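The values are calculated or read from the model by the stated rules, or taken from the named source; none is laboratory data. Source: prediction; values computed, not measured. Using ideal geometry, Cβ is built from the backbone for each residue, glycine included, and neighbour counts are taken over all protein chains shown. Heavy atoms of the whole protein, side chains included, go into the accessibility calculation; ligands, DNA and RNA do not. Shrake-Rupley method; radii C 1.70, N 1.55, O 1.52, S 1.80 Å.
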Amino acid sequence: MALPEDAVFDVYLEDVSQPDAPTVVGAQEVTPAGQPPIDFAIPYDPKRIDPDRRYAVRATITVGDQPLLATAEGVPVLTQGSPDRADLLLQRANGSTAAIGLAGRIWWLGALNGQAVTGTANVPHLVFDEGEGRFHGSGGCNRISGSYGLVGDESTLDIGQIVSTKMACTDEGRPTEQEFLEALARVDGYRIEGRELHLTGDRTELTFAERTP
């Protein structure tokens with residue numbers, strides 16, 4: 001997923017010989033975190049490494065001191081036949097909000113139900129505002145806005161009534177503005193894959209590419 005500009009990446013090398021009382025041997029902070037994959041190199045004193053003990057690396061990504069992503073468990077390194085490097089997979093932290101990944105970006109429509117956008121001078125786009133629980137953007141001609149919210153699990157998206165200006169438009173490309181708005185009204189779920197946003201619903205999938213405002 002795309003990370004906010006103020007995301008902070010912290011990674012730790014720990015002595016986990018006693019699982020209930022891990023000891024930090026080395027750490028690194030990357031701020032701002034940038035976008036995945038994030039390279040890191042943890043400084044540590046080799047004299048503190050005991051070949052008879054066990055060590056692991058774990059990491060977190062925070063936004064505004066709130067956890068966003070974290071490793072589910074430490075990755076073994078250095079001793080007991082483990083390598084001196086680690087590839088880390090971070091998952092959504094308990095209590096984090098999915099809207100952090102959704103909001104604060106300009107999402108430009110790339111395809112509707114697998115059909116790429118063609119011949120449109122003004123590409124439909126959306127911007128989500130987490131604080132107000134609203135979105136705004138363009139349908140390709142008219143300005144649009146509405147409310148949105150997360151319902152139940154973090155992949156369920158509720159799109160409220162869509163409000164649009166009433167400019168007369170010529171539908172020269174695909175999808176037409178009406179097709180886009182009808183598809184958007186059917187959306188009830190979403191997922192973020194790297195810099196792509198997929199809005200999904202009944203027989204509907206809108207694929208957007210992300211740009212930072």
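Considering only segment 176-200, state which residues are under 26 Å from the mean Cα position of the chain (by Cα) and closer than 16 Å to Gln115 by Cα.
Hits for segment 176-200 are Phe180, Leu181, Glu182, Ala183, Leu184, Glu196, Leu197, His198, Leu199, Thr200.
Which of (1) within 30 Å of Arg92 (Cα to Cα); (2) surrounded by 13 or more Cβ atoms within 10 Å (Cβ to Cβ); (3) modelled with pLDDT of 85 or more; (4) of a type in the set (S, T, N, Q) does Thr156 not meet, given it meets every other one?
Thr156 satisfies all of (1) within 30 Å of Arg92 (Cα to Cα); (2) surrounded by 13 or more Cβ atoms within 10 Å (Cβ to Cβ); (3) modelled with pLDDT of 85 or more; (4) of a type in the set (S, T, N, Q) except (3).
Go through segment 121-132 and count every residue that is of a type outside the set (A, V, I, L, M), open to solvent by less than 20 Å² (accessible area, probe 1.4 Å) and either assigned to a strand (DSSP E or B) or farther than 23 Å from Arg174 by Cβ (or both).
Counting residues in segment 121-132 that are of a type outside the set (A, V, I, L, M), open to solvent by less than 20 Å² (accessible area, probe 1.4 Å) and either assigned to a strand (DSSP E or B) or farther than 23 Å from Arg174 by Cβ (or both) gives 1.
Looking only at segment 28-57, count every residue that is in contact with an Asp or Glu (Cβ under 7 Å, 6 or more places away or on another chain) and under 16 Å from Arg85 (Cα atoms) and tell me the total.
Selection size over segment 28-57: 2.
Mind checking which residues of segment 169-188 are in contact with a strand residue (DSSP E or B) (Cβ under 8 Å, 6 or more places away or on another chain) and at pLDDT 90 or above?
Glu179, Phe180, Leu181, Ala183, Leu184, Ala185, Arg186, Val187, Asp188
Can you spot a residue in segment 39-61 that is assigned to a strand (DSSP E or B), crowded, with 19+ Cβ neighbours inside 10 Å and under 17 Å from the mean Cα position of the chain (by Cα)?
Checked against the condition, which is being assigned to a strand (DSSP E or B), crowded, with 19+ Cβ neighbours inside 10 Å and under 17 Å from the mean Cα position of the chain (by Cα), segment 39-61 yields at least one hit.
For segment 4-26, give me each residue that is crowded, with 16+ Cβ neighbours inside 10 Å and either touching a helix residue (DSSP H, G or I) at 6+ places or on another chain (Cβ under 8 Å) or not in a loop (DSSP other than H, G, I, E, B) (or both).
Of everything in segment 4-26, those that are crowded, with 16+ Cβ neighbours inside 10 Å and either touching a helix residue (DSSP H, G or I) at 6+ places or on another chain (Cβ under 8 Å) or not in a loop (DSSP other than H, G, I, E, B) (or both) turn out to be Pro4, Ala7, Val8, Phe9, Asp10, Val11, Tyr12, Leu13, Glu14, Asp15, Val25, Gly26.
When you look at Leu102, is it among the aliphatic types (A, V, I, L, M), at pLDDT below 85 and open to solvent by less than 50 Å² (accessible area, probe 1.4 Å), yes or no?
Yes.
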